[in-house]
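A short worksheet on the structure shown next.
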């Protein structure tokens with residue numbers, strides 16, 4: 001049959017023309033490995049969950065546990081007496097004092113005076129340990145459960161297991177000012193369907209590129225989307241079995257929805273002065289961890305399943321080999337903001353079904369790497385959880401008297417992940433995906449739920 005002489009664009013021409021228009025968001029196009037079907041449809045977990053969503057706070061570079069959430073009087077004494085560790089290095093005492101500022105009496109250092117006020121709602125795990133002492137691998141371990149191979153992020157697993165409550169927003173959003181160690185693999189869906197990939201939102205004047213609609217009206221854009229979908233479906237019909245194509249269709253749909261709803265999420269002008277003050281956020285500011293925390297609360301209100309906040313990138317972070325005092329500005333950036341987030345969620349009744357997680361990739365050694373700095377230390381470190389289904393006001397596990405190794409109730413990264421999934425209603429051994437001839441899961445072939453911290 002001869003082609004009509006009137007304009008009859010190909011699918012490629014349509015995509016190119018619409019890239020310069022409005023619907024193609026780069027932050028969404030990384031979602032390119034989906035199977036057919038509605039992967040984002042809401043799904044029920046294995047059992048009734050305590051948590052409906054997760055806000056995952058990640059401090060990049062290795063926060064010193066012995067100077068934040070794990071007080072060690074014996075380390076102070078050993079440093080003063082000039083004692084040496086088994087490796088022959090002298091012990092280095094903490095640079096900050098610890099004190100209590102909550103009913104439960106959990107001690108927290110002066111680095112976090114605001115978070116210290118929240119300890120009645122927080123469960124501190126003082127016996128975390130992982131599998132690798134290098135940044136990139138340890139960061140991947142905390143996020144994907146694997147330090148050796150590319151695997152899906154925990155946020156992608158949650159999106160895969162639960163689907164989305166809001167089709168106008170991604171189910172997994174990452175708020176980060178710069179790429180962390182291991183880069184975008186930290187929020188990659190890897191072999192899971194691409195629609196479960198994390199969508200990056202960067203603090204600043206342009207958090208999501210191409211978010212503003214360029215077509216004159218929403219109605220015209222809907223017509224464009226309909227035409228594009230027609231070409232996409234025709235293209236897919238000629239290429240059955242290509243897993244990238246359905247994900248691209250979903251990418252356009254999610255991008256269109258984000259143009260409808262994300263601008264309102266990012267518009268903080270209607271937040272009260274009291275709310276901004278709670279977070280320590282100056283009106284009009286679009287940067288800093290306080291902005292990330294407030295946007296996270298707004299995303300959580302609108303049904304986003306997993307929201308990760310990364311405080312800094314792969315440089316100028318908590319990796320204090322030379323001087324522990326570099327922890328001070330980094331702590332100041334997140335301390336008041338996290339206090340605001342926890343109290344804001346609590347005042348709105350959202351902490352009851354929102355799980356807030358704070359962690360880093362590893363701790364820092366109780367001996368020096370330089371006169372005033374510490375080295376990486378994966379043998380034991382601290383993390384904490386708050387909110388849905390977690391016992392507040394407690395500590396779990398312990399490091400030894402110097403903070404060098406686990407002394408009791410060790411919690412491996414796999415146990416940490418299993419507990420998070422349990423609070424979301426999942427048996428971590430059953431949340432699996434068939435790939436390369438075997439069933440994969442976030443916790444690999446290990447992991448136990450830490451039942452003693454569950455409310």
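None of the figures in this text is laboratory data; all of them are computed from the coordinates on show. It should be emphasised that the depicted structure is a prediction, and the values quoted were computed from it without experimental measurement. Every residue, glycine as well, gets a Cβ built from its backbone with ideal geometry; the counts of neighbours run over all protein chains shown.
Quick rundown of the values:
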| read-out | value |
| --- | --- |
| Spatial separation of Cα centroids for the stretch 123-149 and the stretch 50-115, in angstrom | 18 Å |
| Relative contact order (percent, whole number), the stretch 159-212, Cα cutoff 8 Å, 6+ residue spacing | 36 percent |
| Full-extension gain in nm, residue 451 to residue 408, via 0.36 nm per residue minus C-alpha separation | 14.0 nm |
| Sorted by Cβ neighbour density within 10 Å, fewest at the top, the residues 391, 270 | 270, 391 |
| Nearest-0.05 FRET efficiency for residue 301 and residue 43, computed from C-beta distance (R0 22 Å) | 0.60 |
| Sequence of 98, 191 once ranked by neighbouring C-beta atoms within 10 Å, starting from the fewest | 191, 98 |
| Stretch gain in nm, segment residue 110-residue 287, where the contour uses 0.36 nm per residue and the Cα spacing is subtracted | 61.3 nm |
| Shape category assigned to the stretch 346-455 from the gyration tensor of Cα positions, a/c cut at 1.5 | oblate |
| Label-point gap, in nm, between residue 74 and residue 184 - each point 7 angstrom along Cα→Cβ | 4.7 nm |
| Net length gained if the chain between residue 230 and residue 348 were fully extended (0.36 nm per residue, minus Cα distance) | 38.2 nm |
| Efficiency of FRET between residue 394 and residue 239 - r from beta-carbon atoms, R0 51 angstrom, step 0.05 | 0.40 |
| Ordering of 360-367, 121-128, 204-211 by burial proxy (mean other Cβ atoms within 10 Å per residue, highest first) | 360-367, 121-128, 204-211 |
| Neighbour-count ranking [beta-carbon atoms within 10 angstrom, fewest first] of 295, 173, 195 | 295, 173, 195 |
| FRET efficiency, residue 149 to residue 272 (Cβ-Cβ, R0 35 Å, nearest 0.05) | 0.15 |
